[in-house]
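The structure appears below as structure tokens.
The values are calculated or read from the model by the stated rules, or taken from the named source; none is laboratory data. This structure is a prediction, so every number in the text was calculated from the model and none was measured. No Cβ is skipped: glycine too gets one built from the backbone with ideal geometry, and neighbour counts run over all protein chains shown. Heads up: the accessible areas ignore ligands, DNA and RNA and are worked out on the full protein's heavy atoms, side chains in. Shrake-Rupley method; radii C 1.70, N 1.55, O 1.52, S 1.80 Å.
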Amino acid sequence: INFYTLRKDTKLEELNYYERLITKSIEYLPACIVHELTHPNQKLFFGDYPLEEAIREGMADYFAELFTSQYLRDYVTVWTNGKVKSWWNKFKPIMYTKGATTFFQNGPAEISPNHPVHISTYFGYHICKRYVSNKKGGIHKLLSEKLPRAIFSESFWEDYLATQGL
């Protein structure tokens, strides 16, 4: 909640780059709440693979945006703008690597304009969005799906990505 209480007079000088990225105005608090309330309602099996984490967090972002029209990780566009395929090609080989719980292992203090964060969650968000658009009753099915790999394969994300100029 502290990161969603930005006002015009909020001092940001003491925050590191990552903290400044994720600090948003109080108007984003409903999206944050929906995001967090999505997690206990997910039926996903959660293991140790980056794809599973990406789907879990991306799904929560998807529902937050669905109910509030606010995307919590809009700052990710700093790294993805025109480079989605390139980042996907870096993520894809490790998405089933057991034990790699985040795409970038370095801590938040090391995040910089050249060292991204939450790109895997960005992929999870878009995979969930594609999944819903491809299935009748997709929103209900997304929330009740147990297998992140099924969400990924039924999203046809890679087919979609191949047709886009991202």
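Have a look at Leu21, Leu29, Leu12, Leu37 and point out the one that is without any contact (Cβ under 8 Å) to a residue 12 or more places away in the chain and farther than 17 Å from Ser144 by Cα.
Leu12
You will find that of Lys43, Lys85, the residue that is surrounded by 13 or more Cβ atoms within 10 Å (Cβ to Cβ), closer than 27 Å to Leu161 by Cβ and not hydroxyl-bearing (Ser, Thr, Tyr) is Lys85 and no other. Of the residues making up segment 46-71, those that are buried (at least 16 other Cβ atoms within 10 Å of the Cβ) and more than 20 Å from Trp157 (Cβ to Cβ) are Thr68, Gln70.
Whenever a residue of segment 125-141 is in contact (Cβ under 8 Å) with a residue 40 or more places away in the chain, its partners that are of a type in the set (Phe, Trp, Tyr) and surrounded by 14 or more Cβ atoms within 10 Å (Cβ to Cβ), lying with C-beta atoms within less than 8 angstrom and at least six residues away or across chains, give the pairs Tyr125/Tyr62; Tyr125/Tyr71; His126/Trp157; Ile127/Phe152; Ile127/Trp157; Cys128/Tyr62; Lys129/Tyr62; Val132/Tyr62. Looking across segment 135-166, the residues that are assigned to a helix (DSSP H, G or I), open to solvent by less than 70 Å² (accessible area, probe 1.4 Å) and either at pLDDT below 90 or of a type outside the set (A, V, I, L, M, F, W, C) (or both) come down to Gly138, Ser144, Pro148, Ser153, Glu154, Ser155, Glu158, Tyr160.
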